[in-house]
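Notes follow the structure.
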Amino acid sequence: MRLLSKTMEQYPEPKPAGTKPPSFPGKIIVLDDDPTGTQTMHGAPVYMDWFPGTCEHAFTGNSRVVFILTNSRSFSAEKTQNVHKDIAKRLMSASSDAKVPFLLISRSDSTLRGHWPLETATLKETLEAEGHPSFDGEIICPFFPGGGRYTVEGMHYVAYGDNMALAGETEFARDKTFGYSSSRLTHWVEEKTMGRVPAHEVAEISLEMMCDPKAIYTKLMSLTGFEKVVVNALYQSHLDNLCTALWEAMAAGKTFLFRTAAPFINALSGVNFRPFLEADEIIRNGNQNGGLIVAGSHTHKTTEQLANLANFPGVTFVNFDQRTALASDENFEAEILQASRICTIALKARKNVVLSTSRQRVDVETGNPEDELKLAVKISRGLAKAVSMLEVMPRFVMAKGGITSSDVAIEGLKIRRAEIIGQAAAGVPVWRLGEESRFPGMGYIILPGNVGDDMLLYNLFERLA
């Protein structure tokens, strides 16, 4: 097992290049495959749809960075492709009408799950067909230190404390829909492209190169034909150096698409990290009702966090029996209604509430990954519907897991636009709900299923109680 502390001794943090991002006249559009990608940003809007009016607003608004939530990690491959074609066409149209250029980031999971290469391949083909200049390269950078994700010597790791586990040997790699076996990113590319892009044809930017923007620039200028390049990174300053070189390469005429985790967005846009939010920055209007957490994620990390939260005084646990999703629609709807009623009673009594699925997985056992995904989405939508039926506004709402947090946002809280106000903890974004939502102005806390130590939920409840 590799140690993070020893690795950092071996590769000391480089001095930042000191070059700030140029005054880019356009927008940085982030397509986020679940809401957790806002986990390092603040002061930017996030839209729940890509209607023509929404895309128009994205290009005419004041924010340099704009997030569009696709929620595509809950989609079938066919729907994902259709959605990305649609988004690409609408972005090109809105960009042309506003006469504002844009860069496009496909933000996805730092543990390598999601519809890749489908999403970026679809974006490339559609954008180029709509008149966008041909793309020279695709930058692949899953680095996310807030969640313990590092790429060192070509290998991607998930850190648990000081211990670094190879990503391909973690529970995330065993995902029933988006699983993989390769930890070396060049081989992961070959695996996920089913050999269409052999590992030896994937370019790589080493940690040594990441200390030298000039070396990075030289590598970037050599890319052609939508060549894949994987990025090693151990510190945020590595990304700062990468983006210094990227801006110079783009100024020289190179064009790139980006498949990255969240910290890359900060580096490219120049948005600094801010301190974690205090309770009074999240909770407004003196709301005295209980707070609500909705947990659908089945990762081991989530289960351990919920177990520790059970020790928090005064928390009411409401079990959502996801087995009813395999029963009749009548039984499933009855489970949703009962869960919502119990939550409402507890919230009115000023108790904090955890609405959680049973910790045992429910599988359809058809052997088809998309059938497993459909079941997960059905359960998630059930949780969201229970939220939509609440008769009282919670003091705050937390949602645990990517698909769950998206469904709670859109189906449960009826969000169409929100403002990213910061983070409650490392990798835990907080949104301020828009006026059209079910609970205007409420703080919405998004908890990725794969982030935080075992005491994360307990500590957050303690701060917000």
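The values are calculated or read from the model by the stated rules, or taken from the named source; none is laboratory data. In this text the structure is predicted, and so the values were computed from the model without any measurement. Every residue, glycine among them, receives a Cβ derived from its backbone with ideal geometry; neighbour counts consider all protein chains shown.
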Output for region 393-428, where each listed residue is among the charged types (D, E, K, R) and over 28 Å from Phe51 (Cβ atoms): Arg395, Lys400
Any chance Ser95 is at pLDDT below 95 and either of a type in the set (S, T, N, Q) or in a loop (DSSP other than H, G, I, E, B) (or both): no
Extreme residue, surrounded by the most Cβ atoms within 10 Å (Cβ to Cβ), among residues of region 304-324 that are in a helix (DSSP H, G or I), among the polar types (S, T, N, Q) and in contact (Cβ under 8 Å) with a residue 60 or more places away in the chain: Gln305
Pairs where the first residue, in region 369-393, is assigned by TED's automatic domain parsing to the domain that holds Ser297 and the second is polar (S, T, N, Q) and buried (at least 23 other Cβ atoms within 10 Å of the Cβ), C-beta under 7 Å, 6+ apart: Ile379/Gln322; Ile379/Thr357; Ser380/Thr404; Leu383/Thr404
Selection count where residues are surrounded by fewer than 18 Cβ atoms within 10 Å (Cβ to Cβ) and either at pLDDT 95 or above or not polar (S, T, N, Q) (or both), scope region 55-65: 4
Subset tally (residues that are part of a loop (DSSP other than H, G, I, E, B) and either not assigned by TED's automatic domain parsing to the domain that holds Ser72 or not small (Gly, Ala, Ser) (or both)) for region 171-186: 5
The lone exception for Val353 - which of (1) more than 30 Å from Gly53 (Cα to Cα); (2) of a type in the set (Val, Ile, Thr); (3) under 21 Å from the mean Cα position of the chain (by Cα) it fails: (3)
Options Ala295, Ala245, Ala267: the member that is buried (at least 23 other Cβ atoms within 10 Å of the Cβ) and under 22 Å from Val66 (Cβ atoms): Ala267
Tabulated pairs, region 422-438, first without any contact (Cβ under 8 Å) to a residue 40 or more places away in the chain, second charged (D, E, K, R) and outside any loop (DSSP other than H, G, I, E, B), C-beta under 7 angstrom, 6+ apart or interchain: Arg432/Glu419; Gly434/Arg417
Ile68 vs. criteria surrounded by 19 or more Cβ atoms within 10 Å (Cβ to Cβ), without any contact (Cβ under 8 Å) to a residue 40 or more places away in the chain, within 25 Å of the chain's Cα centre (by Cα) and in a strand (DSSP E or B): yes
Boolean, Tyr157 is in contact (Cβ under 8 Å) with a residue 40 or more places away in the chain, within 26 Å of Leu456 (Cα to Cα) and either outside any loop (DSSP other than H, G, I, E, B) or within 21 Å of the chain's Cα centre (by Cα) (or both): yes
Index of the failed condition, Gly114 passing every other in (1) at positive phi; (2) in contact with a His (Cβ under 8 Å, 6 or more places away or on another chain): (2)
Enumerated strands (runs of 3 or more DSSP E) restricted to region 347-457, each holding at least 1 residues that are touching a Cys at 6+ places or on another chain (Cβ under 6 Å) and over 19 Å from Phe67 (Cα atoms): 352-357
Extreme residue, surrounded by the fewest Cβ atoms within 10 Å (Cβ to Cβ), among residues of region 325-340 that are without any contact (Cβ under 8 Å) to a residue 40 or more places away in the chain and not acidic (Asp, Glu): Ser328
